[in-house]
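Okay, structure first, notes after.
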Amino acid sequence: MTIHQRRLKIVNFTIAGVAFDCQITSWTVSYGIKTGDRIYTYCAAGEGNNSFIEETDGEPTLNLKYLADWTAGGISDYFVNNNMLTAAFQLDHHPDIVGEHVRWSGTVQIQAPDVGGDARTTETEEVTLPIIGTPVYARMG
């Protein structure tokens, strides 16, 4: 197999149908999968497996870093006004590349961001939004 690499450049990102992709500087969809504990039994050798790994529940999240926008309806304003509510999200990765365009979608619980920072720096924020259920992954073309 040959090397295939791509730079992160363009995403289409919406929450509740409102586009915020121009504010996003970093994103991560995490499935939050954790390996369970290995449990051993006293089963004699030759009588089957003497251990198993406990099943766990994932804790998927959508992690966002973005430029703060406190205008009416801006991403910061939206997150504060909708704190703890649920909303649909859709994130299209490589939407401009045929054969690589993929999408994650689902429902997140909105979290108000921490605000503030150092003087004379660009105002940025970050949030970790819990995804309710498992994010849906789809190939778009």
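Cys22 meets each of the listed conditions (1) in contact (Cβ under 8 Å) with a residue 12 or more places away in the chain; (2) closer than 28 Å to Met140 by Cα apart from (1).
Among the numbered conditions (1) more than 30 Å from Glu100 (Cα to Cα); (2) under 17 Å from the mean Cα position of the chain (by Cα), the only one that Leu8 does not meet is (1).
Condition check: over 28 Å from Gln111 (Cα atoms) and in contact with a Lys or Arg (Cβ under 8 Å, 6 or more places away or on another chain). Does Ser51 satisfy that? Yes; evaluated as a whole, the condition is true for this residue. Note on the stretch 31-85: among residues that are more than 30 Å from Thr122 (Cα to Cα) and part of a strand (DSSP E or B), the one that is nearest to the chain's Cα centre (by Cα) is Ile53. Residue pairs whose Cβ atoms lie under 8 Å apart, sitting 6 or more positions apart in sequence or on different chains, and linking a residue in the stretch 106-126 that is on the phi > 0 side of the Ramachandran plot and part of a loop (DSSP other than H, G, I, E, B) to a partner that is modelled with pLDDT of 95 or more and surrounded by 13 or more Cβ atoms within 10 Å (Cβ to Cβ), are Gly117/Glu123; Gly117/Thr124. Within the stretch 70-104, being farther than 30 Å from Lys34 by Cα, in contact with a Phe, Trp or Tyr (Cβ under 8 Å, 6 or more places away or on another chain) and of a type in the set (Asp, Glu) holds for one residue alone: Asp77. Among the residues of the stretch 12-27, those that are part of a strand (DSSP E or B) and surrounded by 14 or more Cβ atoms within 10 Å (Cβ to Cβ) comprise Asn12, Phe13, Thr14, Ile15, Ile24, Trp27. Apart from one condition, Asp37 fits all of (1) touching an Asp or Glu at 6+ places or on another chain (Cβ under 6 Å); (2) free of Cβ contacts under 8 Å to residues at least 24 places away in the same chain; (3) closer than 25 Å to Thr128 by Cα; the exception is (3). On the given criteria, is Asn63 under 24 Å from Leu8 (Cβ atoms) and either at pLDDT 95 or above or of a type outside the set (A, V, I, L, M, F, W, C) (or both)? Yes. Of all residues in the stretch 2-14, those that are in contact (Cβ under 8 Å) with a residue 24 or more places away in the chain have Cβ atoms under 6 Å from Cβ atoms of residues that are among the polar types (S, T, N, Q), 6 or more apart or on another chain, in Thr14/Gln90. Does the stretch 28-44 include one or more residues that are in contact with a His (Cβ under 6 Å, 6 or more places away or on another chain) and surrounded by 12 or more Cβ atoms within 10 Å (Cβ to Cβ)? No, that holds for no residue.
When you scan the stretch 77-88, do you find a residue that is within 18 Å of Thr25 (Cα to Cα), surrounded by 15 or more Cβ atoms within 10 Å (Cβ to Cβ) and of a type outside the set (D, E, K, R), even just one? The answer is yes; a qualifying residue exists.
The values are calculated or read from the model by the stated rules, or taken from the named source; none is laboratory data. Remember, it's a predicted structure, so these values are computed and weren't measured experimentally. Cβ atoms come from the backbone with ideal geometry, glycine included; neighbour counts cover every protein chain shown.
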